[in-house]
Amino acid sequence: MQVTRKELIELVELVRVTTSEEIDCSQFLERAAAYVDKTDPDEVPDDFVDVLQHMLVCKECCEELHVLRALVSSRADECDECDEHEHEH
Amino acid sequence: MSRLGRRNNKEWLAALRREPADVIALKELRGYLRRVIIRGTATRRDLRHEDIADFTQEAMLRVLKHLDTFRGEAAFRTWAAAIAIRVAFAELRQRDARVNRREVLDQLFPVQPGKSAGSQWQIDATVARRELLKVLEQAIASQLTSRQRAALLAEIRGIPTREIAARLGTNPNALYKLIHDARKKLKLALIRAGVRPEDLRDELRGISPCK
């Protein structure tokens with residue numbers, strides 16, 4: 001299999017941030033809501049180092065967390081009335 | 001403000017665990033999950049009305065199934081939203097994978113007899129002749145299993161976790177462990193050889209792709 005320089009850089013970066021103990025995607029999901037509710041986007045509290053480390057190695061969980069934070073911070077999830085006017089998909 | 005905002009966590013759990021079912025609470029939860037999915041996937045123009053209904057139903061089932069795992073560290077609505085987003089995004093990624101990634105998957109995980117998954121990586125000659133990279137190349141070849149090589153490369157190439165796991169006949173958490181073990185082996189091999197990953201990364205970044 002041909003591997004490009006860009007892919008190697010990504011691999012080395014993944015190896016660099018690897019730690020001996022990591023949480024998996026299910027454990028991340030259990031912690032994600034608490035992380036969003038209890039921290040600001042730029043904060044790195046000790047309690048959530050495992051969450052932040054997982055985000056460095058898992059693009060999927062990282063993407064989902066950004067969507068969750070955007071929803072919660074904009075309160076876009078809270079308005080019942082908006083449901084009535086929701087555009088049809 | 002919605003009732004979701006007004007109920008506290010304890011009230012939510014009590015309402016959702018009630019026998020017979022609290023129909024109003026279930027309806028509110030369904031409406032909330034639907035809104036989360038619609039807004040969380042707002043950039044997806046290929047989403048159909050049936051998709052929203054399917055994702056909402058699946059999210060609803062998962063939230064109710066996992067109520068006992070809710071530890072109260074977050075607001076109930078945030079916890080439920082995280083589950084809904086996981087459901088919707090996992091489905092959408094898998095759909096993309098089926099459409100766009102078939103060829104890459106077939107290459108990484110051949111189905112023909114006699115061909116094993118993740119045969120040796122071929123690193124571009126311009127890159128591979130660098131001393132530091134020889135260490136990495138050797139570690140990849142000697143430390144990783146063929147499944148680990150294929151899974152790592154599939155992940156780097158953006159194949160969704162569920163799709164890779166399905167090809168390997170495993171589940172996402174087991175796949176995570178397989179890849180985590182591979183990363184740890186490579187890190188250990190580099191450290192033993194006296195190579196710092198950051199030096200290797202800088203060296204790679206410094207190589208002109210035009211050479």
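A few notes on this one:
- Spatially proximal lysines relative to B:Lys10 (Cα-Cα < 26 Å; intrachain offsets below 8 disregarded): A:Lys38, B:Lys27, B:Lys65
- Peptide-level mean, for A:62-73, of C-beta atoms on other protein chains within 10 Å: 5
- Of the GluC sites (Glu not before Pro) found in segment A:10-43, those that fall in a DSSP loop while having at most 14 other beta-carbon atoms within 10 Å are A:Glu21, A:Glu43.
- Dipole-positive endmost among B:Ser142, B:Ile156, B:Val87 within chain B (Cβ charges, Cα centre): B:Val87
- Calculated P(r) tail over 30 Å for chain B, as whole % of Cα pairs: 45 percent
- Under 16 Å from A:Lys6, Cα to Cα: aspartates and glutamates that are on another chain or at least 8 residues apart: B:Asp124, B:Glu137, B:Glu155, B:Glu198, B:Asp199, B:Asp202, B:Glu203
- Label sites at A:Gln2 and A:Lys38, each approximated as a point 7 angstrom past Cα along Cα to Cβ, lie 4.9 nm apart.
- When peptides B:145-157, B:171-183 are sorted by average Cβ neighbour count within 10 Å, with the highest value leading, the order is B:145-157, B:171-183.
- Farthest positive-ward along chain B dipole, Cα basis, beta-carbon charges - from B:His49, B:Ala182, B:Pro197: B:His49
- In this simple spin-label model, placing a label point 7 Å from the Cα along the Cα-to-Cβ direction at both A:Ala70 and B:Val104 gives a separation of 2.1 nm.
- Degrees, to the nearest 10: B:131-143 long Cα axis against longest axis of chain B: 60 degrees
- Rounded to the nearest 20 debye, dipole of the protein assembly as shown from Cβ charges on Lys, Arg, Asp, Glu: 1040 debye
- As a calculated quantity, the FRET efficiency between B:Arg192 and B:His66 at R0 = 41 Å, using C-beta atoms, amounts to about 0.45.
- Segment B:3-96, relative contact order in percent, only Cα pairs under 8 angstrom and at least six apart counted: 35 percent
- The protein assembly as shown: radius of gyration and largest Cα-Cα distance (Dmax), Å: 21.9, 71
- Think of it as helices only: each DSSP H run of n ≥ 4 in chain B is worth -39500 (n - 2.57), and spread over all residues that comes to -21500 deg cm²/dmol at 222 nm.
Rule-based calculations on the coordinates, nothing more; no lab input. This one's a predicted model, so the numbers in the text were calculated from it and none came from an experiment. With ideal geometry, Cβ positions are generated from the backbone for all residues, glycine too; neighbour counts draw on all protein chains shown.
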